[in-house]
Amino acid sequence: MSKKYIKNMDLYPTLYDFTVGGVKMIDDYRFGNIKIDGKTYRNDVKIIDGKVKPDWWRREGHKLFPEDIRDILDAKPEVLVVGTGAYGAMEVLPQTRESLKERGIELIEAKSEQACHTYNQLLKSGKRVAFACHLTC
């Protein structure tokens with residue numbers, strides 16, 4: 001694992017700058033923006049098997065249905081961390097919880113800033129973790 005300090009162009013400190021097993025952690029999160037491996041994304045994102053899936057759209061904007069995370073369900077990570085937005089507006093529906101439980105995938109949901117920290121911590125601890133994040137409300 002390597003670690004180095006990087007300053008964000010906005011003069012905000014970054015969340016982390018670790019590389020874990022070749023998988024880059026989340027550098028920074030601000031309302032409407034997330035920075036992963038030095039690249040800024042302005043639309044909702046998923047990270048599956050260490051690969052960023054940008055421009056993530058859901059069936060209904062603030063509801064998370066099983067089909068919205070089909071690729072994550074198929075990848076079968078140990079844990080899925082869901083960022084529900086800066087204010088927690090996105091709801092993980094009961095049928096989504098059930099789909100995850102049926103596959104033995106632990107669900108952790110939190111407001112997006114905390115979800116970023118949680119994802120990084122789990123990745124650093126060696127867990128096989130996926131991430132799905134709503135970047136705004």
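The values are calculated or read from the model by the stated rules, or taken from the named source; none is laboratory data. These numbers come from a predicted model, not from an experiment. Here Cβ is always computed from backbone atoms with ideal geometry, including for glycine, and neighbour counts include all displayed protein chains.
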Original post:
of a type in the set (Asp, Glu) and either modelled with pLDDT under 95 or surrounded by fewer than 13 Cβ atoms within 10 Å (Cβ to Cβ) (or both), is that true of Asp55?
Top reply: yes
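Given the residues Ala130, Ala115, Ala110, which is the only one that is surrounded by 14 or more Cβ atoms within 10 Å (Cβ to Cβ), touching a residue at least 60 places away in the same chain (Cβ under 8 Å) and of a type outside the set (Val, Ile, Thr)?
On the way: Ala115 fails: touching a residue at least 60 places away in the same chain (Cβ under 8 Å); Ala110 fails: touching a residue at least 60 places away in the same chain (Cβ under 8 Å).
That would be Ala130, the only listed residue that is surrounded by 14 or more Cβ atoms within 10 Å (Cβ to Cβ), touching a residue at least 60 places away in the same chain (Cβ under 8 Å) and of a type outside the set (Val, Ile, Thr).
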Original post:
Which residue, of Glu91, Glu78, is closer than 20 Å to Gly126 by Cβ and modelled with pLDDT of 95 or more?
Top reply: Glu78
**OP:** Would you please list the contacts, defined by Cβ atoms under 8 Å and residues six or more apart or on different chains, that run from a residue in segment 37-58 that is at positive phi to a residue that is of a type in the set (Val, Ile, Thr)?
**Re:** Asp37/Val52; Gly50/Val23; Asp55/Val45
Original post:
What are the residue pairs meeting all of these: first residue in segment 76-96, first residue of a type in the set (Asp, Glu), second residue in a loop (DSSP other than H, G, I, E, B), Cβ atoms under 6 Å, and 6 or more apart or on different chains?
Top reply: Glu78/Lys127; Glu78/Arg128
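Counting only residues that are in contact with a Leu (Cβ under 9 Å, 6 or more places away or on another chain) and within 17 Å of Lys24 (Cβ to Cβ), give me the helices (runs of 4 or more DSSP H) lying completely in segment 37-137 with at least 1 of them. I'd like the intermediate steps shown before the answer.
Details: elements: 70-75, 94-102, 112-124.
Correct list: 112-124.
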